[in-house]
Amino acid sequence: MNRIKNIVIVGGGSAGWMAASALVKVLGTENYSIRLIESEEIGIVGVGESTLPHLRLFNNMLGINEIEFVKETQATFKLGIQFVDWLREGQHYVHAFSPTGRDYGRLPFHQCWLKAWRMGRASPIGDYSLTALAAERGKFMPSPNDVPASSPLSNIAYSYQFDAGLYAQWLRRYAEARGVKRTEGKIRQTVLREPDGFVDAVVMENGERIDGDLFIDCSGFRGLLIEQALHTGYEDWSHWLPCNRALAVPSESFGQPTPYTRVTARPAGWQWRIPLQHRVGNGYVYSSNHISDDEAAAYLLSHLDGKPLADPRPLRFTSGRRKKFWNKNVVALGLASGFIEPLESTSIFLVQSGIARLLDLFPEADFNQVLIDRYNAQSVFEWERIRDFLILHYNATERADTPFWDYCRTMSIPDSLRGYIELFRNSGRYFRDADEMFTVTSWVQVMIGQGILPQSYHPVVDQLPEAELDEFLGDVKNVVATCVEAMPMHQVFIDNYCKAPPLGLS
Ligand SMILES: Cc1cc2nc3c(=O)[nH]c(=O)nc-3n(C[C@H](O)[C@H](O)[C@H](O)COP(=O)(O)OP(=O)(O)OC[C@H]3O[C@@H](n4cnc5c(N)ncnc54)[C@H](O)[C@@H]3O)c2cc1C
């Protein structure tokens, strides 16, 4: 067996340091040398503040203490995303992480709800979700250890809203302490080996040559190895996800931090609001075909809750993915692998799942193509399902008030998504495929939130006497309301357990 020895990670943003931390934790340094190259002059993209609950698994795998992590990254807690004005102006809903209600035997909860809703006997579906209701009321706590599994309190799924730059710095300390070597400076050239075109080495501006067996490209949008050296190609999804620019601006904290990220539909895109402990992250994600940069900046600045702390920072992107995520001996992670715009905060999750997949399929030095093909097939599946989920938000809208929303509402959508929408519209059914990232609960919340109300429901619900159905739904709603009532305010929880010191004093 001919093992890989030298792993070179190009880039020190969230993707690079997440990869370095996970690889050094799992592989160790006895048999592997792990080197990370980054350039302070180039810097990192520095956004990416809203995350998914999977990040907790990643941090647990590294053995990171949660309270310490929250304090170090100025984090707050996130129970889901509040979508404002997406279906029509004035409407809002929460896409929460935890399951909605509880299933009735084999019947998914939402099937029972659908029947009662059609009869005018149910509240909005969010009233049956502990985390959706807690989010709306500004409450947060993790699941206590001593509640029975039948309580909705036993399953509080949450993630974090954090300072991505501080997270990268923290992971850097973690990885370096365990033996990852860091090289500061700009890469000038990539050396390909004859005759197979694998990457042999990168050459720094000062002439230093860094050889590797496996290269992990975390160089951001530029895709230094995967694109500039290997010309892997890019699949462009902007027909379906037309936003291609963003302006990011921090603002002063305003009121108590919400335990959710708020995304508000705007005339030519949408605006994010992510409260951290020390500030609020804001941004306008927009389509340059529908609004100018200057107009977008003015719009953003006039729609902040708090005072801006800097000028808006422009970012450009094209939603899509590399044609191959792993090409020869280069695996691309993070923005180097592609970008599905940030509406559902999926990018950091995709870094994490790419790392996990790489570890599952970790190659020998011969880089057997079977492993590479499997990695790429799994990644394509994962990315395309997320892509469809995002398109759903744009396409299933009643908004016709601007050319942007007219375009989104009437654009053609992938056949895969059309099939899922038809199935749901017909009878409220959704089936999660294989290792798809978003759950049935997620799809159901967003389909309903975006106004797709099924024409029917599962026939078996009719076997339930109506009085029993009412009692079941009433019970779920009451239990949820009682539990939310007992939860502390998000700010109180932070103050009691994980208040971050002012920056510079940690
Ligand atoms: C507008 C916007 C909003 C986003 N919001 C979210 C969100 O809410 N949630 C989420 O999960 N994700 C979000 N993301 C994505 C998230 O920011 C990224 O996935 C994450 O930060 C990882 O970035 P990265 O490490 O791939 O790239 P970067 O942070 O750009 O890092 C690239 C690294 O490569 C190095 N580098 C590049 N070229 C060279 C060279 N020649 N020599 C040496 N070093 C080099 C740089 O120095 C840097 O260290 C958002 C992205 C955008 C654009």
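The values are calculated or read from the model by the stated rules, or taken from the named source; none is laboratory data. Everything numeric here is computed off the predicted structure, so don't read it as measured data. Note that each Cβ is placed from the backbone with ideal geometry, even for glycine, and that neighbours are counted across all protein chains shown. Surface accessibility is based on the protein's heavy atoms, side chains included, excluding ligands, DNA and RNA. Shrake-Rupley method; radii C 1.70, N 1.55, O 1.52, S 1.80 Å.
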_Centroid-to-centroid separation of segment 103-141 and segment 421-440 [C-alpha atoms, Å]_ = 17
*asked:* Can you give the local net charge around Y497? Use residues other than it whose beta-carbon is closer than 10 angstrom to its beta-carbon, Lys and Arg +1, Asp and Glu -1.
replied: 0
*asked:* Order 45-51, 328-334 from most to least packed using the mean count of other Cβ atoms within 10 Å.
replied: 328-334, 45-51
*Estimated FRET transfer efficiency when R0 is 45 angstrom, pair M489-T402 (beta carbons, to 0.05)*: 0.80
*Members of K78/K139; K25/K181; K186/K324; K5/K328 lying beyond 19 Å, as alpha-carbon distances in this model show*: K186/K324
*So how many Å³ per residue does the convex hull of the Cα atoms of the chain work out to?*
160
*Taking all protein chains as present, what is the carbon and sulfur share of the accessible area of the chain, in % to the nearest whole number, probe 1.4 Å?*
49
*Quick one: putting +1 on the C-beta of Lys and Arg, -1 on the C-beta of Asp and Glu, what dipole do you get for segment 191-241 around its Cα centre, in Debye to the nearest 20?*
120
*May I ask you to order 440-450, 231-241 by the average number of other C-beta atoms within 10 Å around their residues, highest value first?*
440-450, 231-241
*Give me the angle, in degrees from 0 to 90, between the Cα long axis of helix 466-486 and the longest principal axis of the Cα atoms of the chain, rounded to the nearest 10.*
60
_With unit charges on the beta carbons (Lys and Arg positive, Asp and Glu negative) and the dipole taken about the Cα centre of the chain, which residue among S238, A296, P275 sits farthest to the positive side?_
P275
*Per residue accessible area in Å² of the chain, where ligands, DNA and RNA are left out and the probe is 1.4 Å*: 41
*Mind checking the dipole of segment 312-365: about its Cα centre, +1 per Lys or Arg Cβ, -1 per Asp or Glu Cβ, Debye to the nearest 20?*
300
*So how strong a dipole does the chain carry about its Cα centre when Lys and Arg Cβ are +1 and Asp and Glu Cβ are -1, to the nearest 20 debye?*
240
_C-alpha long axis of helix 347-360 to longest principal axis of the chain, angle in °_ = 60
*What angle, in degrees between 0 and 90 and rounded to the nearest 10, separates the Cα long axis of helix 14-27 from the longest principal axis of the Cα atoms of the chain?*
80
*Net charge over other residues, Cβ less than 9 angstrom from the Cβ of G320 (K, R count +1; D, E count -1)*: +1
